[in-house]
1. How many residues, within region 87-144, are in a strand (DSSP E or B), open to solvent by 50 Å² or more (accessible area, probe 1.4 Å) and farther than 13 Å from Q70 by Cα?
2. State all residues of region 145-164 that are hydrophobic (A, V, I, L, M, F, W, C) and in a helix (DSSP H, G or I); if no residue qualifies, say none.
3. Looking only at region 60-72, filter to residues that are open to solvent by 80 Å² or more (accessible area, probe 1.4 Å) and under 17 Å from F162 (Cβ atoms); which one of those is modelled with the highest pLDDT?
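The values are calculated or read from the model by the stated rules, or taken from the named source; none is laboratory data. For clarity, every value in this text was computed on a predicted model and none was experimentally measured. Here Cβ is always computed from backbone atoms with ideal geometry, including for glycine, and neighbour counts include all displayed protein chains. In case anyone asks, the SASA skips ligands and DNA or RNA and just uses the protein heavy atoms, side chains included. Shrake-Rupley method; radii C 1.70, N 1.55, O 1.52, S 1.80 Å.
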Amino acid sequence: MIFDPAEDDVDPLNCEDPEGLVSLPWSICPSLQSSFNGQSLQLPQPRWAPLRGSYQISGAIMMMVKPKIQFIQGTDEQTIPDVRLTKSRDGTNGVAIFSFEQPSVFDSSGEVGEITGFYMIDEEGVLTSVNVNAKFVNGKPAGIEAKYIMRTTREWDRFMRFMERYSDANGLQFIKK
């Protein structure tokens, strides 16, 4: 069922349809806590182009982004890291340690710029850390270790969603030790 406020019986001051199922963001929703006494505007209803066939759109549109890791913003790291996770006993915080052996950022850092941090990017956004250390052997860069610290269960859950997407895209497996 598609809800059309122009056709359905809607009280514009109620902010709901008669069954109480649909919120109308363009309705006037009075609030007892608001001191706003401005003038209400009447905006034209948006017109929707009819869909051909039997398609129905529902929910928000989400852009799908291939999960990636970057050390220099805009330059994807091609080397797949070894990842170690630790979590506190009470589950409130944890640390992820990413170890990159011979990362590709060393090949392009002279051309593109300096390492500015550790960026984990997916469709939900960017997780960032500045806890990045380079390892040198005989004066030449050999690896990078990056730490991402999670201080809440919400940060832990968000990190795990990123890791699930990243591991699916790169063929990683989780091995519990």
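1. Total satisfying the criteria: 10.
2. W156, F159, M160, F162, M163
3. K66
Okay, residues lined up against (1) more than 21 Å from the chain's Cα centre (by Cα); (2) at pLDDT 95 or above:
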site: E111; (1), (2): yes, no
site: L127; (1), (2): no, yes
site: V130; (1), (2): no, yes
site: F136; (1), (2): yes, no
site: A142; (1), (2): yes, no
site: K147; (1), (2): no, yes
site: D168; (1), (2): no, no
site: G171; (1), (2): no, no
